[in-house]
Amino acid sequence: MMKVLVTGGSGFFGHVLIEKLLARGYEVRNFDLVTSDEHGNRVEQLQGDIRDYDAVKAAVAGMDVVHHNVAQQPISKDPSLMRDVNLGGTKNLLDACAASDIRKVIYTSSTAIFGVPKTVPIRTETEATPAEPYGRTKVACEDLCRKFIDDRSLDITLVRPRTILGHGRLGIFQMLFEWIREGHNIPVLGSGDNRFQFIHADDLAGACILAADRTGPAVYNVGTDRFGTMRETLEALCRHAGTHSKVRSVPMAPGVFFSKLMSMAGMSPLGAYHNLAYGKTNYFDISTVVQDLGWKPRYSNEEMLIESYDWYLDNRDDVLTGKWSAPHRSAVKQGILGLAVRLL
Ligand SMILES: NC(=O)c1ccc[n+]([C@@H]2O[C@H](COP(=O)([O-])OP(=O)(O)OC[C@H]3O[C@@H](n4cnc5c(N)ncnc54)[C@H](O)[C@@H]3O)[C@@H](O)[C@H]2O)c1
């Protein structure tokens, strides 16, 4: 039976991926700072820090495939922690994989490596142009992966997801969901006509699993094939929620300036990447992943945002009592944004 290590398996995407791997009949081990009891005794739990080489080596031992999902996110707003965990942790993991019999590594990279893209759609060969610390660590991790492919013959596939949604996705989306639940109006930057693509965690997990089945290094940009503008996506959620929330335009330059200032003052949960990306057009050409893997996304932008919101309403009590701790699985402190949204 295939033995699979998921790093970051207690996080938002990792826990969805684990369910899909279990459904395939794989033996799964989770390596994370925090253990998770949600898969019962079907998953071996190893608690550890990705920065600790010996712990990582023990996690890799005996595995066939590794899906690497540990990362410090933009929401942490701590560049040196991002560098230590994202780059240092990935180096530990790849060293440990190269020293053992790992058949395949799937590295979950990010759309953040492109910052605000100069041209769309972003293709797999588009040059990385990160514009903030998180994106820069992800580019450094991709470069490191290429070095391990060339120098150590490690079989690594880079999977770059667009912003991930789906049942359980919270973090800054929890703030959006709460605003809509309470019937507040929702800001978009400028007219909100920026085309913006998301990806559902189930669809992404499917792509990662297919990528792991394919021998040889590859790069895949992964997003939904049905998406419109930021305004259209948010308006669909507002209609679905039926709480009288409306989408309201905020002038782009002052909106971004205010948001950045509040982030720097520690009065907003938004990180540099969020301030950069929210008002800009950003989407992938997904033809390579479709052609190579025969993969097809199931969820449109609107369907996945609505599903995520409904999940939040159903699980709000657990969320607010801190049942899950990963940054993308927990509530955020709204800070000044909780007041600002009342003025829209
Ligand atoms: N969520 C998105 O929109 C998105 C988009 C693009 C790429 N990604 C990438 O997908 C991957 C998974 O993201 P997610 O949304 O599930 O994030 P998450 O924050 O929910 O999960 C990350 C997990 O990593 C663990 N972790 C953090 N530091 C650790 C350390 N030092 N040692 C061991 N474990 C540690 C956390 O406990 C958490 O369970 C990450 O690589 C992320 O960069 C996410």
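The values are calculated or read from the model by the stated rules, or taken from the named source; none is laboratory data. Note that the coordinates shown come from a computational prediction; the quantities given were computed from them, not determined experimentally. Backbone-built Cβ (ideal geometry, glycine too); neighbour counts: all protein chains shown.
Can you confirm whether segment 24-40 contains a residue that is assigned to a helix (DSSP H, G or I), more than 22 Å from the chain's Cα centre (by Cα) and surrounded by 17 or more Cβ atoms within 10 Å (Cβ to Cβ)? If you could, list the steps in order and put the result at the bottom.
The initial filter retains those residues of segment 24-40 that are assigned to a helix (DSSP H, G or I), namely 40.
Remaining after also requiring more than 22 Å from the chain's Cα centre (by Cα): 40.
Right, trim to surrounded by 17 or more Cβ atoms within 10 Å (Cβ to Cβ) and you get none.
No, segment 24-40 contains no residue that is assigned to a helix (DSSP H, G or I), more than 22 Å from the chain's Cα centre (by Cα) and surrounded by 17 or more Cβ atoms within 10 Å (Cβ to Cβ).
Check Pro254 against each of (1) modelled with pLDDT of 95 or more; (2) assigned to a helix (DSSP H, G or I) and name the one condition it does not meet.
The failed condition is (1).
Please determine whether any residue of segment 261-278 is at pLDDT 95 or above, touching a Pro at 6+ places or on another chain (Cβ under 9 Å) and closer than 23 Å to Ile75 by Cβ.
no
Helices (runs of 4 or more DSSP H) wholly in segment 48-121 with at least 1 residues that are touching a residue at least 60 places away in the same chain (Cβ under 8 Å) and within 13 Å of the ligand (Cβ to nearest atom) - which ones? Give the derivation first.
On the way: elements: 53-60, 79-82, 89-98.
Correct list: 89-98.
Go through segment 315-329 and give me each residue that's surrounded by fewer than 17 Cβ atoms within 10 Å (Cβ to Cβ) and under 26 Å from Gln197 (Cβ atoms).
We begin by selecting, within segment 315-329, every residue surrounded by fewer than 17 Cβ atoms within 10 Å (Cβ to Cβ); these are 315-318, 320-323, 325.
Selection gives Asn315 alone.
Working only within segment 13-23, note down all residues that are within 22 Å of Asp101 (Cα to Cα) and either free of Cβ contacts under 8 Å to residues at least 60 places away in the same chain or assigned to a loop (DSSP other than H, G, I, E, B) (or both).
Ile18, Leu22, listed by residue number.
Here is a list: Asp150, Asp225. Which entry is more than 12 Å from the ligand (Cβ to nearest atom), free of Cβ contacts under 8 Å to residues at least 12 places away in the same chain, farther than 29 Å from Val332 by Cβ and not small (Gly, Ala, Ser)?
Details: Asp225 fails: free of Cβ contacts under 8 Å to residues at least 12 places away in the same chain.
Residue meeting the stated conditions: Asp150.
Restricting attention to segment 260-289, report how many residues are in a helix (DSSP H, G or I) and in contact (Cβ under 8 Å) with a residue 12 or more places away in the chain. Full working, then the answer.
If we filter segment 260-289 for residues that are in a helix (DSSP H, G or I), which is where we start, we get 260-264, 272-277, 287-289.
Narrowing further to those that are in contact (Cβ under 8 Å) with a residue 12 or more places away in the chain: 260, 262-263, 272-277, 288-289.
Number satisfying all stated conditions: 11.
Going through Leu210, Leu204 one at a time, which residue ends up being at pLDDT 95 or above and over 30 Å from Gly322 (Cβ atoms)?
Working: Leu204 fails: over 30 Å from Gly322 (Cβ atoms).
Matching residue, one of Leu210, Leu204: Leu210.
Checking Leu313 against (1) within 30 Å of Ala218 (Cα to Cα); (2) touching a residue at least 24 places away in the same chain (Cβ under 8 Å): exactly one of these is not met. Which one?
(1)
Within segment 245-262, does at least one residue satisfy the condition of being surrounded by 20 or more Cβ atoms within 10 Å (Cβ to Cβ), closer than 27 Å to Pro121 by Cβ and not β-branched (Val, Ile, Thr)?
Yes.
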